[in-house]
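Taking it in order: structure first as structure tokens, then the write-up.
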Amino acid sequence: QVLLVESGGGLVQPGGSLRLSCAASSKLSNFYAMAWYRRAPGKQREEVAHMHSGGATRYADSVKGRFTISGDNAKNTLYLQMNILKPEDTAVYYCTAERGGTDFWGQGTQVTVSS
């Protein structure tokens with residue numbers, strides 16, 4: 001069993017920044033891939049950022065140039081740096097990790113962008 005615990009969400013003004021963290025109970029190198037998803041009210045869940053174990057990354061078009069996914073193997077922690085936040089970024093953000101064909105999910109952290 002893998003535990004993923006997100007933190008770092010909160011209320012921020014438009015144009016501001018937040019850094020989300022996802023603490024894993026296993027070394028990041030044990031995962032085939034890790035990603036951040038979000039679910040906004042009334043909308044489908046969408047993948048925001050994805051990182052393969054080899055280091056390749058991909059981003060949703062809506063966040064390219066503003067969000068950065070990264071991992072710290074020493075801390076077993078995945079990050080999502082979010083800059084130039086917009087009201088439409090408001091959502092619950094989830095960390096996921098894939099290992100052995102199984103996807104593990106965190107409980108989510110709320111991000112609200114509002115003035």
Output the residues belonging to the range 61-98 that are touching an Asp or Glu at 6+ places or on another chain (Cβ under 9 Å) and of a type in the set (S, T, N, Q). S62, T96
Which of the strands (runs of 3 or more DSSP E) contained wholly in the range 31-86 include at least 1 residues that are among the basic types (K, R) and at pLDDT 95 or above? 33-39, 57-59
From the list T90, T68, T57, pick out the single residue that is farther than 16 Å from L18 by Cβ, touching a residue at least 12 places away in the same chain (Cβ under 8 Å) and out of contact with any Leu (no Cβ under 6 Å at 6 or more places or on another chain). T57
Can you say whether A24 is among the aliphatic types (A, V, I, L, M), in contact (Cβ under 8 Å) with a residue 24 or more places away in the chain and touching a helix residue (DSSP H, G or I) at 6+ places or on another chain (Cβ under 9 Å), as far as the supplied structure shows? yes
Selection within the range 87-108 - under 15 Å from A24 (Cα atoms), in a loop (DSSP other than H, G, I, E, B) and open to solvent by less than 40 Å² (accessible area, probe 1.4 Å): G106, G108
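The values are calculated or read from the model by the stated rules, or taken from the named source; none is laboratory data. Computed from a predicted structure; not experimentally measured. Cβ sites come from the backbone with ideal geometry, for glycine too, and all protein chains shown count toward neighbours. Ligands, DNA and RNA are stripped out before the accessible areas are found, and what is left, the full protein with its side chains, is counted by its heavy atoms. Shrake-Rupley method; radii C 1.70, N 1.55, O 1.52, S 1.80 Å.
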